[in-house]
Amino acid sequence: MPELERLHAGHAQAVLAFELANRAYFAASVSDRGDAYFDQFTDRYDALLAEQEAGICAFYVLVGDDGSVLGRFNLYDIEDHTATLGYRVAQRASGRGVATATVRELCGLATAQHGLRTLRAAAAHRNPASQTVLTKAGFVPVGPAGPADLGGQPGTWYERDLML
């Protein structure tokens, strides 16, 4: 059974493998990270861990039984009991309810572990699967997301009140 784990240094190689294996799949619905992301992966990964340590972000990975990363689920810009949610799930795990179940689990952790009351997430119009995940996980549309919010893509902002 996959397990949601807080990101740590030991996940680095599995996260890189996940990103490389799914790069083309992700690029079909979200902006590609670009070659620089992979060329500077170690530095960027270390920066994520530092942000997490500082309490401005909380990063999680969904780890399969074989130790591989099946998804990344991030809470970032944590401030005033609010955070933005971002996530991506491996192609081999998509379409099985994995993202929805994990987003729901993360909503519980957001409250219990991070004291959050509200989560926001943006989904591109060209990514209906993400829109479905958010809706099934209790998020409601609250307004348009501009190109700056989604790497040049138009979309919608969603929000979930965690105190309900």
So which residues in segment 1-50 are among the small types (Gly, Ala, Ser), more than 27 Å from PRO154 (Cα to Cα), in contact with a strand residue (DSSP E or B) (Cβ under 8 Å, 6 or more places away or on another chain) and surrounded by 15 or more Cβ atoms within 10 Å (Cβ to Cβ)?
-> ALA14
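May I ask you to list the residues in segment 51-72 that are charged (D, E, K, R) and under 16 Å from the mean Cα position of the chain (by Cα)? Can you show your working first?
At the first step, the residues of segment 51-72 found to be charged (D, E, K, R) are 51, 53, 65-66, 72.
Passing the criteria: GLU51, ARG72.
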Do you know which residues across segment 88-108 are over 18 Å from PHE139 (Cα atoms), touching a strand residue (DSSP E or B) at 6+ places or on another chain (Cβ under 7 Å) and in a helix (DSSP H, G or I)?
-> ALA93
Pairs where the first residue, in segment 28-45, is at pLDDT 90 or above and the second is of a type in the set (D, E, K, R) and surrounded by 12 or more Cβ atoms within 10 Å (Cβ to Cβ), C-beta under 8 Å, 6+ apart | TYR37/GLU19; TYR37/ARG44; PHE38/GLU19; PHE41/GLU19
Out of the residues in segment 51-73 that are among the charged types (D, E, K, R) and farther than 11 Å from GLU5 by Cα, which is surrounded by the fewest Cβ atoms within 10 Å (Cβ to Cβ)?
-> ASP66
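Taking the residues in segment 155-164 that are out of contact with any Gly (no Cβ under 6 Å at 6 or more places or on another chain) and surrounded by 14 or more Cβ atoms within 10 Å (Cβ to Cβ) as candidates, determine which candidate is farthest from VAL103 (Cα to Cα).
Residues of segment 155-164 out of contact with any Gly (no Cβ under 6 Å at 6 or more places or on another chain): 155-156, 158-159, 161-164.
Filter once more, keeping what is surrounded by 14 or more Cβ atoms within 10 Å (Cβ to Cβ): 155-156, 158-159, 162.
Numbers: GLY155: 19, THR156: 17, TYR158: 13, GLU159: 13, LEU162: 12 Å.
Out of the qualifying residues, it is GLY155.
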State which residue is farthest from the chain's Cα centre (by Cα) when the search covers only segment 89-112 and only residues that are closer than 18 Å to ASN22 by Cβ and buried (at least 20 other Cβ atoms within 10 Å of the Cβ).
-> ALA90
Near pairs, Cβ below 9 angstrom, 6+ apart or cross-chain, from segment 124-135 (surrounded by 14 or more Cβ atoms within 10 Å (Cβ to Cβ) and modelled with pLDDT of 95 or more) to any residue that is in a helix (DSSP H, G or I) and small (Gly, Ala, Ser) | VAL133/ALA99
Being under 12 Å from LEU85 (Cα atoms) and in contact with a helix residue (DSSP H, G or I) (Cβ under 9 Å, 6 or more places away or on another chain) is the filter here, so list the residues in segment 103-117 that pass it.
-> VAL103, ARG104, LEU116
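Regarding LEU116, is this residue touching a residue at least 40 places away in the same chain (Cβ under 8 Å) and crowded, with 17+ Cβ neighbours inside 10 Å?
Details: touching a residue at least 40 places away in the same chain (Cβ under 8 Å): yes; crowded, with 17+ Cβ neighbours inside 10 Å: yes.
Yes: the conditions hold for LEU116.
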Hits in segment 61-87 (condition: assigned to a strand (DSSP E or B) and either of a type in the set (A, V, I, L, M, F, W, C) or farther than 17 Å from LEU134 by Cα (or both)) = VAL61, LEU62, VAL63, VAL69, LEU70, PHE73, LEU75, ASP77, ILE78, GLU79, ALA83, LEU85
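The values are calculated or read from the model by the stated rules, or taken from the named source; none is laboratory data. From a predicted model like this one, the values you see are computed outputs, not experimental measurements. Every residue, glycine among them, receives a Cβ derived from its backbone with ideal geometry; neighbour counts consider all protein chains shown.
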